[in-house]
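To start, the structure under review is shown below, and the notes come after it.
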Amino acid sequence: MINIIAEIGINHNGDINLAKRLIDTAKSAGCDFVKFQKRNPDVCVPDHQKLKVRQTPWGEMSYIEYKHQIEFGFHEYNEINRYCESRGIGWFASAWDLDSVDFLKQFPQQDGRVIMKIASAKITDIDLCNKAREESDVLLISTGMSTEQEIEQCIEMCKPDVIFHTNSTYPCPVSELNLNYIHHIKSKYGTEVGYSGHEFGLATTFATAALDVTWIERHITLDRRMWGSDQSASVEPAGLHKLVRGIRNIDSAMGTAGPREVLGGELTKKKSLRG
């Protein structure tokens, strides 16, 4: 079975009610998880960017103020945790710094497992990867913007449970997706493999469902015209329903690689045509 992740990320724009609407969208579509991104902005934002002025929906402010504006704390994530439990959908987050690993380990799944992900941008932060490995039961990593050597080093150090193929361009041209790299990951590392898509459209994501992945992730939004850097490459509600339905159908259709069997309606047809 393929686990489908609706990546909310920071598309909630710091609004807990918007986050809940996105959770509802993911649940309605049939996703298994929603995923967020957790940062300590004081650590994650480089010093030379902190005081840069940015125009935002909340007015003109420094970049560090903006990052704090859209960051959820314990109160919001505790509410998210309760809400996801009431809606019957799992949730976890990407940890962008050591503080965030400690923060996220407070929120295990209902089965007791702690799931964390390391984003492509952070897989060269070996201290972060190792701490996430220590504090999680299921560790996922993404491989975008990384060389083979950088990926090898991360995997050797933290032994992730799932390795995601992704291209970190937002949105990514389909000609640069290189979906066959999924086969390379599978044969080289022997782990579960996932796909995190940032492309326009659904067809190429459907294709990965036939490539032996066990996790598929796409960013979601209520409206691609909303404020935020990730909105335009995200999937809107109608598209998410189509995406989940298509992935489930492809997964169901794959069957086995063994000798051919005559199944279902073919048995009746065989009898009527061959006697």
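Can you name the residue in the range 36-71 that is outside any strand (DSSP E or B) and in contact with a Ser or Thr (Cβ under 8 Å, 6 or more places away or on another chain) and is also nearest to Leu18 (Cα to Cα) among such residues? Spell out the reasoning first.
Just the residues of the range 36-71 that are outside any strand (DSSP E or B), to begin with: 39-52, 57-58, 63-71.
From what's left, in contact with a Ser or Thr (Cβ under 8 Å, 6 or more places away or on another chain): 39-40, 50-52, 66, 69.
Values: Arg39: 19, Asn40: 21, Lys50: 26, Leu51: 28, Lys52: 27, Tyr66: 17, Gln69: 14 Å.
Among those residues, the one meeting the criterion is Gln69.
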State whether one or more residues within the range 31-50 are under 30 Å from Lys242 (Cβ atoms) and free of Cβ contacts under 8 Å to residues at least 24 places away in the same chain.
no
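Can you work out which of the residues in the range 191-203 that are in a loop (DSSP other than H, G, I, E, B) and either aromatic (Phe, Trp, Tyr) or under 16 Å from the mean Cα position of the chain (by Cα) (or both) is surrounded by the fewest Cβ atoms within 10 Å (Cβ to Cβ)?
Phe200
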For Glu217, are the conditions met, namely being farther than 25 Å from Asn11 by Cα, of a type in the set (Asp, Glu) and surrounded by 16 or more Cβ atoms within 10 Å (Cβ to Cβ)?
no
Suppose we filter Cys154, Cys172 for residues that are part of a loop (DSSP other than H, G, I, E, B) and not hydroxyl-bearing (Ser, Thr, Tyr); which single one remains?
Cys172
Please find, within the range 114-140, the residue that is farthest from Ile185 (Cα to Cα) out of those that are touching a Ser or Thr at 6+ places or on another chain (Cβ under 8 Å) and outside any helix (DSSP H, G or I).
Val114
Could you tell me whether any residue of the range 126-133 is among the aliphatic types (A, V, I, L, M), over 17 Å from the mean Cα position of the chain (by Cα) and either closer than 18 Å to Arg218 by Cα or surrounded by fewer than 19 Cβ atoms within 10 Å (Cβ to Cβ) (or both)?
yes
Just to be sure before I move on: is Ala209 surrounded by fewer than 21 Cβ atoms within 10 Å (Cβ to Cβ) and at pLDDT 95 or above in the structure I sent?
no
Kindly provide the set of residues from the range 85-97 that are farther than 24 Å from Arg133 by Cβ and either of a type outside the set (Gly, Ala, Ser) or buried (at least 16 other Cβ atoms within 10 Å of the Cβ) (or both), ordered by number.
Glu85, Arg87, Ile89
Is it fair to say Ser100 is part of a helix (DSSP H, G or I), among the small types (Gly, Ala, Ser) and buried (at least 21 other Cβ atoms within 10 Å of the Cβ)?
yes
If I filter the range 161-190 down to residues being among the β-branched types (Val, Ile, Thr) and surrounded by 17 or more Cβ atoms within 10 Å (Cβ to Cβ), which single residue comes out as farthest from Leu139 (Cα to Cα)?
Ile182
Return only the number of the condition from (1) touching a Phe, Trp or Tyr at 6+ places or on another chain (Cβ under 7 Å); (2) surrounded by 16 or more Cβ atoms within 10 Å (Cβ to Cβ) that Gln49 does not satisfy.
(2)
Out of all the residues in the range 223-243, is one or more of a type outside the set (Gly, Ala, Ser), part of a loop (DSSP other than H, G, I, E, B), in contact with a Lys or Arg (Cβ under 9 Å, 6 or more places away or on another chain) and exposed (fewer than 15 other Cβ atoms within 10 Å of the Cβ)?
no
Any residue in the range 204-217 that is assigned to a loop (DSSP other than H, G, I, E, B), in contact with a Cys (Cβ under 6 Å, 6 or more places away or on another chain) and not acidic (Asp, Glu)?
no
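The values are calculated or read from the model by the stated rules, or taken from the named source; none is laboratory data. In this text the structure is predicted, and so the values were computed from the model without any measurement. Don't worry about glycine lacking a Cβ; one is built from the backbone with ideal geometry, like all the others, and counts go over all protein chains shown.
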